[in-house]
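For reference, the structure discussed in these notes is given below.
Values quoted throughout were computed directly from the atomic coordinates according to the rules given, and no laboratory measurement underlies them. Not measured: the values here are computed from a predicted model. Cβ placement follows ideal geometry from the backbone for every residue including glycine, while neighbour counts extend to all protein chains displayed.
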Amino acid sequence: MNQISGNAAAGSLDPSFGTGGVVALPNGARSIALLPNNKLIVLTGASLQEPITVAQLTEAGALDPSFGDGGMVEVSVTGYRMLVSHILVLRNGNYLIAGYESGTASTRKYVCQLLKNGQLDETFGEGGLATIRVPDIDAGQGVRFVSSPEQKLTTDAVYFAGEQIAVSEQNAKIYFCAHVHSEARGFEGVLFRLNSDGSSDTGFNDRGYVVISPDGGSSIRLTSLTAQGDGVLVSGGFRGTTGSREVAFLKRYDQRGNIDSSFGVGGTVLIPNGIDGRTSIINSVELNDSGLIVASGESGKTGEKEGLLTVLNPNGGFNLIFNQGQPLYADFLPNLFFSTSVFQHSGKIIVSGSGGDGYVVAARYDFFGDLDPTFGGKGWVVHDSIVALGVESSELTADNKIVVLGNRSLQKSAVRYLG
């Protein structure tokens, strides 16, 4: 399959970024975030043998000499056996970093705050670092965090995503979700809330956290966390107690930590799997300026994998304009799944993920759920000049370009294409 090409055509790799639209990131890169000036911030720290660093890239994808030492700053944190997973840019230009304790008996998660120059903000938490301890949900009997996205937890090969982090622009609260396991209760999710100074917000469910059970099922995956007004949306998938196939869900919690019964049905939206034996999960949730919710992910049946895309109204009802109110299952490539989504300023939706033999795929849909042929000539593109990459995140620049974080084994790359 040939790469779509053309002069400044939507869907083409951006030749002004790196080498032909691709930038190899520093070793151990874990997460990227977009800055308002179209620069990138890159978080590293994938092993205990490597320091935690942040690097700033120019709009062209080179290390920015105006930041730190040649574009990089080493983060001097004191978390015990701390590894990092996500970086988030705050409205004031500071950064939040989510981290976790290495090891299978992990009982700590971490959030630290950096200033614009990459130095620790020592007014946050204790010397810049807030420690989140495993909740006492099972009388302290064997409760542990499950930290790593790659960690296999059960004999039926269920994999759990790592922690997620979000900040409410309305009240500056910090939301953080993770997974826990205990002998008596099995696998559950936990949603924590911190104050802007890194302290636990005990006004949230009177404890500072909410336990998210799999609605009577056997396991749960939390894959996306999005602040929505004065509440927060949590999404992913859960598996039934009888080993039934995974069901995609969204839940909304209000500012007091209660499930918001005005959202969906009793606070929960389930993406119907229908009668054809699907397995579905939501990987990404985004909001547009009017509050519409776009949820993207993957859905499979009898070994086939398809991209999942649906649009919800702010109250969790299925939007009747997008695909006539039904989830959209994309199958324009074999083994297709969507990892991330962004709302463009035009109201169109760009999803990115993997398909075919594992190459980066991007597609653009209009608000009726139809592929937009002005994007790549047919609504979707495969950049097969890139070695097969899995997509972890995507961001939309101010000038409508899309930046994707791609992952192949231990090497990660930033890919930018024209929107």
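Can you tell me the relative contact order of the chain? Whole percent, Cα pairs under 8 Å, sequence separation 6 or more.
Values: 1123 pairs, mean separation 51.0, N = 419.
Answer for the chain is 12 percent.
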For this session: Kindly flag which residue pairs out of 305/401; 348/378; 116/401 have an alpha-carbon separation exceeding 21 Å in this structure.
Result: 305/401; 116/401
Seminar exercise, completed: Note on segment 271-371: contact order normalised by length, alpha-carbon pairs under 8 Å, 6 or more apart, percent, works out to 21 percent
Exercise. So what does the Cα-only Debye profile of segment 334-419 read at q = 0.14, 0.20, 0.23, 0.26 Å⁻¹, as log10 I(q)/I(0), no solvent term?
Worked result: -0.43, -0.87, -1.14, -1.41
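So how do 202, 268 line up by other beta-carbon neighbours within 10 Å, fewest first? Spell out each step's value before the answer.
On the way: 202 13, 268 17.
The fewest-first ordering by Cβ neighbours comes to 202, 268.
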Exercise. So how far, in whole Å, is the C-alpha centre of segment 88-103 from the one of segment 346-368?
Worked result: 27 Å
For this session: Take the chain, connect every pair of alpha-carbon atoms lying under 10 Å apart with a spring to form a Gaussian network, then pick out the residue of 286, 304, 392 with the largest mean-square fluctuation.
Result: 304
Seminar exercise, completed: What one gets for segment 25-144 as the Kirkwood radius, inverse of mean 1/r over different Cα pairs in Å, is 14.9 Å
Problem set entry | Neighbour-count ranking [beta-carbon atoms within 10 angstrom, fewest first] of 72, 82 | 72, 82
Problem set entry | segment 244-367: equivalent-ellipsoid semi-axes (sqrt of 5 x gyration tensor eigenvalues, Cα, Å) | 24, 18, 12
Seminar exercise, completed: With N residues in the chain, Rg(alpha-carbon) / (2.2 N^0.38 Å) equals 0.93
Problem set entry | Selected from 376, 297, 277 as most flexible by GNM, with the chain as the system and alpha-carbon contacts under 10 Å | 277
Exercise. Which one of 300, 127, 231 has the biggest mean-square fluctuation once the chain is modelled by GNM with Cα springs under 10 Å?
Worked result: 127
Seminar exercise, completed: Fewest to most Cβ atoms within 10 Å: 116, 109 sort as 116, 109
For this session: Report the full-extension gain for the segment residue 119 to residue 345: residue separation times 0.36 nm, less the Cα-Cα distance, to one decimal in nm.
Result: 78.0 nm
